[in-house]
1. So, of the residues in segment 157-211 that are touching a residue at least 60 places away in the same chain (Cβ under 8 Å) and loosely packed, with under 13 Cβ neighbours inside 10 Å, which turns out to be farthest from Ala35 (Cα to Cα)?
2. Among (1) crowded, with 20+ Cβ neighbours inside 10 Å; (2) out of contact with any Leu (no Cβ under 7 Å at 6 or more places or on another chain); (3) β-branched (Val, Ile, Thr); (4) more than 20 Å from Met55 (Cβ to Cβ), which single condition is Val214 missing?
3. Could you list, in sequence order, all residues of segment 121-145 that are in a loop (DSSP other than H, G, I, E, B) and at pLDDT below 90?
4. Of the residues Gly123, Gly174, Gly160, which is touching a Leu at 6+ places or on another chain (Cβ under 7 Å) and at positive phi?
5. Given Gly37, Gly77, which one is farther than 30 Å from Tyr217 by Cα and crowded, with 18+ Cβ neighbours inside 10 Å?
6. If Pro150 meets every condition in (1) under 20 Å from Ser50 (Cα atoms); (2) modelled with pLDDT under 95; (3) crowded, with 23+ Cβ neighbours inside 10 Å apart from one, which number is that one?
7. Under 8 Å between Cβ atoms, at least 6 apart or on separate chains: pull out the pairs that start in segment 104-124 with a residue that is closer than 19 Å to Ala28 by Cα and end on any residue that is among the charged types (D, E, K, R).
8. Please count how many residues of segment 48-72 are of a type outside the set (D, E, K, R) and under 20 Å from His118 (Cβ atoms).
Amino acid sequence: MLGHSHALSGLAAGAATLPWAPVHGTVAQVSWIAAAGGFAMLPDLDHRGSTVSDMWGPVTDVPSGLVGKLTGGHRWGTHDAVLAPLAFGGLAMLAAGTYWASLLFMALAIGLALHALHFVIPGTTETTIVGNIALAWAGAWWLLEHSPQPAWLPWAVALGVLTHIAGDAITSAGIPLPVLWLARRTRLQFSPMRTGTVLEKAVLVPAFVVAIAVFVYLNTEARSALDPLVDRLLSLG
């Protein structure tokens, strides 16, 4: 799927899983949703030229090339539905215990989400290296300053990674057969849909947007804030 489709599906997954997420309070809920959305871009760290690779210039491009070589190229190791969540989640587990490492992970998530969703954000600041870094780190700092240390970070990373893999599984390129691809490079695909088709742009993307709105309404304080307004509007009719 396209980058913005992955980010939107990750945000939807983050909002949908809030009832089970180990987070408390509005700020922590926003952090969880943002992290799931941003980390839904993470598997594409396996090839240069992706949203992940381009985001912060050499800072992300150089590791991207290395990851691609170590994991067998695009849509192999980082798209393994078993190994990828464990690997990325394990790194996040190491980061979750320290403030600066958590700050880096959250900045990465926010930067990825902003970069992928730039088409709905006015201006171009979030697509520039300096602008994206500034916005991502400022956002990460604010979220961490106003919520407890994110022990939940590994779960958000795993959720985002799995959401990305599920999205690619319904495209014609498919995903690797979990773990077993290491012995024989075999792929799975669950639909003939090609990336970037009308089906993705006109059906899936709007569906993800609606899902985000619905689950945010159902699973956050937005419901209690909006219900009185809705009731007032209905009474006017």
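1. Selected residue: Arg185.
2. (1)
3. Of segment 121-145, the ones in a loop (DSSP other than H, G, I, E, B) are 121-124, 128.
Scanning segment 121-145 gives Ile121, Pro122, Gly123, Thr124.
4. Working: Gly123 fails: touching a Leu at 6+ places or on another chain (Cβ under 7 Å); Gly160 fails: at positive phi.
Selected residue: Gly174, the only one of Gly123, Gly174, Gly160 that is touching a Leu at 6+ places or on another chain (Cβ under 7 Å) and at positive phi.
5. Details: Gly37 fails: farther than 30 Å from Tyr217 by Cα.
Result: Gly77 is the single residue among Gly37, Gly77 that is farther than 30 Å from Tyr217 by Cα and crowded, with 18+ Cβ neighbours inside 10 Å.
6. Failed condition: (1).
7. Close Cβ pairs (under 8 Å, with a partner that is among the charged types (D, E, K, R)) amount to Leu114/Glu126.
8. Keep residues of segment 48-72 that are of a type outside the set (D, E, K, R), which gives 49-53, 55-60, 62-68, 70-72.
From what is left, the residues that are under 20 Å from His118 (Cβ atoms) are 49-53, 55-57, 59-60, 64.
Residues flagged as of a type outside the set (D, E, K, R) and under 20 Å from His118 (Cβ atoms) within segment 48-72 amount to 11.
The values are calculated or read from the model by the stated rules, or taken from the named source; none is laboratory data. Owing to the predicted nature of the structure, the values given are computational and were not obtained by experimental measurement. Counting neighbours? That spans all protein chains shown, and the Cβs are built from the backbone with ideal geometry, glycine included.
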